[in-house]
1. If I ask for residues that are outside any loop (DSSP other than H, G, I, E, B) and without any contact (Cβ under 8 Å) to a residue 60 or more places away in the chain, which ones from segment 1-35 would you list?
2. Out of segment 127-153, which residues are closer than 18 Å to residue 189 by Cβ and modelled with pLDDT of 95 or more?
3. Among 49, 24, which is under 17 Å from residue 179 (Cα atoms) and in contact with a helix residue (DSSP H, G or I) (Cβ under 8 Å, 6 or more places away or on another chain)?
4. Restricting attention to segment 18-37, report how many residues are within 14 Å of residue 57 (Cα to Cα) and either crowded, with 17+ Cβ neighbours inside 10 Å or basic (Lys, Arg) (or both).
5. Any residue in segment 102-113 that is touching a residue at least 24 places away in the same chain (Cβ under 8 Å), over 17 Å from residue 70 (Cβ atoms) and within 13 Å of the chain's Cα centre (by Cα)?
Amino acid sequence: MEETKSIFKRVCVFCGSSSGKKASYQEAAVELGKELVERRIDLVYGGGSVGLMGLVSQAVHDGGRHVLGIIPTSLMPREITGVTVGEVRAVSNMHQRKAEMARQADAFIALPGGYGTMEELLEVITWAQLGIHQKPVGLLNVDGFYNSLLSFIDKAVDEGFISPSARRIIVSAPTAKQLVRALEEYVPEYDEVTSKLVWEEVDRLNYV
């Protein structure tokens, strides 16, 4: 049975410029790309053609959906090889890359990755915590890749550094299909402090 069209027009995917050691990571990237195609969702991502970035973008492009890659000019020689996939938009620096990816997306999904993926992921979680955006954030927890991170976050909740409502910002699922559905059902909530924050319009326009 064909899935209905998603409420999301475009999803931002954070993932590694490496493929990882396990075939399951590569398979998950392709599976996510195919799920986006099936749900008629376009992709915005870091613009690379290597690693998991290359796999998910190629799968979306092959399925006929629009692919928008945002990449700093200085990273092009490292992260782009061969023919580029879809639309590639060059920016000046990493901050502009993250801000433009966030502005273009209706939701965020993190595949397995390294420092860059973690940094991008945690920043959009922080922005959600602060009320800068209300977009859902999901972890594609392939073979338990993110179990340790989730345990760390739960520990921070237990120790009083992260509120329970902020913990619920993070949506996690083991498959692309389950994750997209869970993100569609996500309802943002704010604690008493966050609900009183007022961001300058210029700050919000950078990310929403």
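The values are calculated or read from the model by the stated rules, or taken from the named source; none is laboratory data. Source: prediction; values computed, not measured. Every residue, glycine as well, gets a Cβ built from its backbone with ideal geometry; the counts of neighbours run over all protein chains shown.
1. We begin by selecting, within segment 1-35, every residue outside any loop (DSSP other than H, G, I, E, B); these are 10-14, 23-35.
Hits for segment 1-35 are 23, 26, 27, 30, 33.
2. Answer for segment 127-153, where residues must be closer than 18 Å to residue 189 by Cβ and modelled with pLDDT of 95 or more: 135, 136, 137, 138, 153.
3. 24
4. So the answer is 12.
5. The initial filter retains those residues of segment 102-113 that are touching a residue at least 24 places away in the same chain (Cβ under 8 Å), namely 102-113.
After this cut, where a residue has to be over 17 Å from residue 70 (Cβ atoms) as well, the list is 112.
After this cut, where a residue has to be within 13 Å of the chain's Cα centre (by Cα) as well, the list is 112.
Looking through segment 102-113, at least one residue is touching a residue at least 24 places away in the same chain (Cβ under 8 Å), over 17 Å from residue 70 (Cβ atoms) and within 13 Å of the chain's Cα centre (by Cα).
For every residue, the table says whether it meets (1) within 18 Å of the chain's Cα centre (by Cα); (2) in a loop (DSSP other than H, G, I, E, B); (3) surrounded by 18 or more Cβ atoms within 10 Å (Cβ to Cβ).
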{"site": "48", "(1), (2), (3)": "yes, yes, yes"}
{"site": "53", "(1), (2), (3)": "yes, no, yes"}
{"site": "70", "(1), (2), (3)": "yes, no, yes"}
{"site": "76", "(1), (2), (3)": "no, no, no"}
{"site": "95", "(1), (2), (3)": "yes, no, no"}
